[in-house]
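For reference, the structure discussed in these notes is given below.
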Amino acid sequence: MKHLMKWGLATPAILAVTLFLLVPVVITIAATFGEPKGVFSPYVAFFSSGFRRTVLFRTIEVALVTTAISLLIGFIAAYVIAQMPGRAKSVMIIAAVFPLLTGVVVRSFAWLIILGKNGILNTILLSIGIISEPLSMLYTEGSVIVAMVYLFVPLMILTLVGVLEGIPQDLIQAATSLGATPAATFRQVILPLATPGLIVGAVLVFTGSFTSYATPQLLGGEKQMMMGTFLYQRAMVTFDWVGASTIAAIMVVVTIGIVAIMSRLARRLNPMAV
């Protein structure tokens, strides 16, 4: 009876996930296999194009670099916050969450003002004499990465704070009392126990940056096109639905592959992490 009740309670959620998540993905991927030129012709056409391969590799590179930088900054910030007393910790968590209260477009547009030729950063560098003429910082891979890191570091911090707070201080004190150096304590105690939070945060940041549209469009433009903007172009500008479905299918496969690799790395750090 209890078993039937559990399934009864879970059925609406299972149906919702299947209907609104799985079915659209299956339909999208299935649309790529109905071409008269051949079952895999859309994928052959995609990987035969140097431009499309460049867009794919650029997107993976930006997403991985964004994830790595966000992990570093987020871990340091989360560790500092986790060590703070109650009231200060609450203030810092609110400060970390505050950027999430504004939209992605607004936060990305702010970097146009900061990095533009007449923007804040160029104005400061010119005023103190470091440069003699404005730098072209917009529509580069670096500008996209900077904005992505700004967007996703708060998520990383929120993910890691709870995990780091849950690490018993007794373990750290025991490692120290047994003669472990701070580096050894971090490597052998803190890092393995923080692995679940690290992997969750890395997955959130990677999937978010890999599929991002607004930020690459505003700060990368046509020069630094990524898969999200390329997908939009194929679907809404050229109305190539098969091409757009092919891009979406490749993005799904790449995301699953990267997440699987991250999970494998997490198992090496902590076999109980995943």
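Couple of notes before you dig in:
- The calculated FRET efficiency for Ser177 paired with Leu100, based on their beta-carbon distance and R0 = 35 Å, is about 0.30.
- Model label points for Val252 and Arg267, set 7 angstrom from Cα along the Cα-to-Cβ axis, are 2.4 nm apart.
- Accessible-area order (highest first, 1.4 angstrom probe) of the listed residues Phe40, Phe33: Phe40, Phe33
- Considering only Leu151, Leu135, Val106, the residue lying farthest towards the positive end of the dipole of the range 40-273 is Leu151, judged by Cα position with unit charges set on Cβ.
- Accessible surface, 1.4 Å probe, highest first, among residues Met225, Met236: Met236, Met225
- Percent carbon-and-sulfur accessible area, the range 80-233, ignoring ligands, DNA and RNA, probe 1.4 Å: 69 percent
- Two-decimal log10 I(q)/I(0) for the range 40-273, as the Debye equation yields it once each C-alpha is a single scatterer, q = 0.16 Å⁻¹: -1.14
- Set of the range 242-257 residues, backbone N closer than 15 Å to the point 7 Å along the Cα-Cβ line of Phe33: 246, 249-250, 253
- Annotation for Tyr213 and Gln169: the two label points, set 7 Å from Cα along the Cα-Cβ direction, are 4.8 nm apart.
- Area accessible to solvent at Tyr232, 1.4 Å probe radius, in Å²: 110 Å²
- Lys/Arg +1, Asp/Glu -1 at C-beta; the range 40-273 dipole; positive extreme among Ala68, Ala249, Thr207: Ala249
- Ellipticity at 222 nm from helices only: DSSP H runs of n ≥ 4 in the chain, each -39500 (n - 2.57), divided by the residue count, give -23000 deg cm²/dmol.
- Stretching the chain fully between Ala45 and Leu64 yields a gain of 4.3 nm (0.36 nm per residue, less the alpha carbon separation).
- The heavy atoms of Leu22 present about 100 square angstrom of accessible area, all protein chains included, probe 1.4 Å.
- Considering only trypsin sites (Lys or Arg not before Pro) in DSSP loops that have at most 11 other Cβ atoms within 10 Å, the longest stretch of the chain without any of them is 38-222.
- FRET efficiency estimate (nearest 0.05) - Cβ-Cβ, Arg187 to Ser90, R0 30 angstrom: 0.50
The values are calculated or read from the model by the stated rules, or taken from the named source; none is laboratory data. Here the structure is a predicted model, which means the values were calculated and not measured. No Cβ is skipped: glycine too gets one built from the backbone with ideal geometry, and neighbour counts run over all protein chains shown. Just the protein is used for accessible areas: all its heavy atoms, side chains included, with ligands, DNA and RNA removed. Shrake-Rupley method; radii C 1.70, N 1.55, O 1.52, S 1.80 Å.
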